[in-house]
1. Within a 10 angstrom radius of each residue's Cβ in A:83-90, how many Cβ atoms of other chains show up on average? Whole number is fine.
2. Compare the Cα positions of B:47, B:103, B:65 along the charge dipole of chain B (+1 at Cβ of Lys, Arg; -1 at Cβ of Asp, Glu; about the Cα centre) and return the one farthest towards the positive end.
3. Past 23 Å, Cα to Cα, is the threshold; run A:4/B:70; A:36/A:90; A:47/A:99 against it and keep the listed order.
4. Determine the gain in length on full extension of the stretch residue B:183-residue B:79; use 0.36 nm per residue of separation and subtract their C-alpha separation, reporting nm with one decimal.
5. Select from B:107, B:17, B:60 the residue whose mean-square fluctuation is largest in a Gaussian network model of chain B (Cα-Cα springs shorter than 10 Å).
6. What shape does region A:52-118 have by the C-alpha gyration tensor, where a ≥ b ≥ c are the square roots of the eigenvalues, rounded means a/c under 1.5, and otherwise prolate means a/b greater than b/c and oblate the rest?
7. Could you give me the ³J(HN,Hα) list for region B:44-51, computed from phi with Karplus coefficients 6.51, -1.76, 1.60 and θ = phi - 60°, whole Hz, x at Gly and Pro?
8. Just counting partner chain Cβ atoms within 10 Å, what average do the residues of peptide B:121-130 show around their Cβ?
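Please treat every number below as a calculation from the coordinates, not as lab data. What you see is a predicted model; the values in this text were computed from it and never measured. Here the Cβ is made from the backbone with ideal geometry for all residues, glycine too, and neighbour counts use every protein chain on show.
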Amino acid sequence: MFTKFEHFAATSLMGDPEEAPPRKDGHLHFDRDWEKMAFGVAIALSKQGYYEWEDFRQTLMATIKEWENTHELNDPEWDYYQCWVAALEKVAVASGVVKAGELETQMAQLLNCKNSET
Amino acid sequence: MPSNYPGFKYGADRETVSAAKVKALESLLIEKGVITGDTVNSILGYFETEMGPFNGAKLVARAWVDPEFKARLLADCNAACEEMDFPEGMSGAEGEHMRIVENTPEVHNIIVCTLCSCYPWPTLGLPPYWFKDPTFRARVVREPRKVLSEFGVELDDSVEVRVWDSSAQIRWWVLPMRPEGTEGMSEAELAGLLTPEAMMGVATVKV
C-alpha cells in the first residue's frame, strides 16, 4: 500500500502518542539539528536494508519503556529524541553496520576536538 | 533501579554528547560508504517540501479565490492536484483516489478511517496520533457532535454533521469555509490560515 518508505516509516510510528515523533501543524518538529540527523539516519539505514523498520520501532518503544521504568513520568528530563538516539545506537550496533568500539572512538575524537577548541 | 544505559545518564553535557554521538554515527556511515552526505538531507527534504499540509492549504486557498477551480477540485481532487506545481507523483501513491467534501453553513464534514488510519497524506501530511486512536474512530461515528465540541467546534443544531469514512479506495478530506474578514487577502495569505485539523473537519479556520 505504501510506495514511499519514508512515509511508511513515519506513519508506522503514529499510533501511540508516546511513540510518535513530535509534530507541529502537521510537520515533523525538530528542536535541535542532531534530532533531524538522528531521524534521517534511522530511516536511511532501514531503507537500505540494514535492519527492519519494525525492529527500530520495537527498540524505540522498549527504550522509552526503559526510561519510564527508571524515571518519574513527569520528570522534566524526558526527551523523545534522546530515546531515539539510544534506540538508533542499539539497532546500528546490533545490525553490525557499526561496531560499538568504533562509535566510541569516533565520539571521543569529536568531543576532544570540541574541548580543545574551547 | 536506575538505568545503567549510558544514553540515560544526564549531565550538563547531555546535549553535546547526543550531538557528538549522532555526528559520530553519521560520519562513520559515510566513511563506510553506507550513506552519503546527501542521504539524510534528501529524507528530511521529503517531509519538509514534498509531503505536508501545505499542499492541501494551497488547494483550498485556490478554491476559495477561484470558483471554477473549486468545482474541479470537488469533482476530481487528483486532477486538480495535477494543475498545481506539486512534486512529481503527488497525486498518486497513497494519495490516489482522494476526494474532498465542502463545508457550508448547512453541512459540516469530518473525516475518519474507522478501519485503520487511511489518510490523504499528500495534502495533509502525517496523520496526528489520535487519528489512529480506537476511541476517536469509534466515537466520531457514534457521537460526532460531542467529539467536535471536545475539539472546540460548537455547531448550531441546524447544521448537519456528515462523517466520511476513508478506506483504501477513497481518502477523504475537507474543504473548510472561508472565514469572514479575509476578502482582501492573497491566495498565499489564505493558505497560511489553514491547518491540517481544519482540513480534517475537527477545527474551523480562524483569521
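1. Numbers: counts 2, 3, 7, 7, 1, 4, 7, 2.
Mean partner shielding for this stretch: 4.
2. B:47
3. Working: A:4/B:70 29 Å; A:36/A:90 18 Å; A:47/A:99 20 Å.
Pairs exceeding the cut-off: A:4/B:70.
4. Working: separation 104, 0.36 × 104 = 37.44 nm, distance 2.72 nm.
In short, 34.7 nm is gained.
5. B:17
6. Oblate, because a/c is 1.5 or more while a/b does not exceed b/c.
7. Rounded to whole hertz, the list is 5, x, 4, 6, 7, 10, 9, 10.
8. Across the residues of B:121-130, the mean count of other-chain Cβ atoms within 10 Å is 5.
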